[in-house]
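Input: a single structure, listed below in structure tokens.
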Amino acid sequence: MWLGSTIKEILKNLSESPVTSAYPFAEAVLPENFRGIPILLIDKCTGCSLCAKDCPSDAIKMIPDERTKRKQAPRFDYWKCIRCAQCYYSCRYGALFISDAFELATCCKETATSEYLHVPEPLIPEPTPLKRKKTDT
């Protein structure tokens, strides 16, 4: 019984084109509002640590940094990040944006942090805001 349905399925699929994309041989087409990695704009960061407090995967740690008002800035552990964009929604100062970068493979997790991982310039577009969640105030 199952052999007949299997042969029928094989014959049907021989005439159809593949569903998968040609990536990595062709450029990947990203969906609208794709969430890549969070990128920090240090000149807008105040060091308030709201992003670190709201991160559900504990991927953001505050480290000393003299460039911010409170002398601390977030460090992102991209290997822990679940790409939820909660840090972006929590930031009141517009210091974070979500990049389209997704090809971020490294050889070890220690180098998958915002201190070591340098996203190539073509992958960092002009910050286009995601649709922010409306909060009841």
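Quick notes on this one:
- For the residues Pro18, Pro56, the requirement of being at pLDDT below 90, outside any helix (DSSP H, G or I) and either surrounded by 12 or more Cβ atoms within 10 Å (Cβ to Cβ) or out of contact with any Leu (no Cβ under 8 Å at 6 or more places or on another chain) (or both) singles out Pro18.
Conditions (1) surrounded by fewer than 18 Cβ atoms within 10 Å (Cβ to Cβ); (2) modelled with pLDDT under 90; (3) touching a Cys at 6+ places or on another chain (Cβ under 7 Å); (4) not in a helix (DSSP H, G or I), marked per residue:
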site: Arg67; (1), (2), (3), (4): yes, yes, no, yes
site: Arg70; (1), (2), (3), (4): yes, no, yes, yes
site: Ala73; (1), (2), (3), (4): no, no, yes, yes
site: Phe76; (1), (2), (3), (4): no, no, no, yes
site: Lys80; (1), (2), (3), (4): yes, no, no, yes
site: Cys84; (1), (2), (3), (4): yes, no, no, yes
site: Cys87; (1), (2), (3), (4): no, no, yes, no
site: Arg92; (1), (2), (3), (4): yes, no, no, yes
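- The set of residues in segment 94-103 that are surrounded by 15 or more Cβ atoms within 10 Å (Cβ to Cβ) and assigned to a loop (DSSP other than H, G, I, E, B) comprises Ala95, Ser99, Asp100, Ala101.
- Pairing each residue of segment 34-46 that is more than 14 Å from Arg75 (Cα to Cα) with any residue that is assigned to a loop (DSSP other than H, G, I, E, B) and not charged (D, E, K, R), provided the two are 6+ apart or on different chains, yields C-beta distances under 7 Å for Arg35/Ala85; Gly36/Ser99; Gly36/Ala101; Gly36/Phe102; Lys44/Tyr93; Lys44/Gly94; Lys44/Ala95.
- Test result for Ile10, of a type in the set (A, V, I, L, M, F, W, C) and surrounded by 10 or more Cβ atoms within 10 Å (Cβ to Cβ): no
- The selection criterion, being surrounded by 10 or more Cβ atoms within 10 Å (Cβ to Cβ) and in a helix (DSSP H, G or I), does not hold for Thr46.
The values are calculated or read from the model by the stated rules, or taken from the named source; none is laboratory data. All values derive from a computational prediction rather than experimental measurement. Using ideal geometry, Cβ is built from the backbone for each residue, glycine included, and neighbour counts are taken over all protein chains shown.
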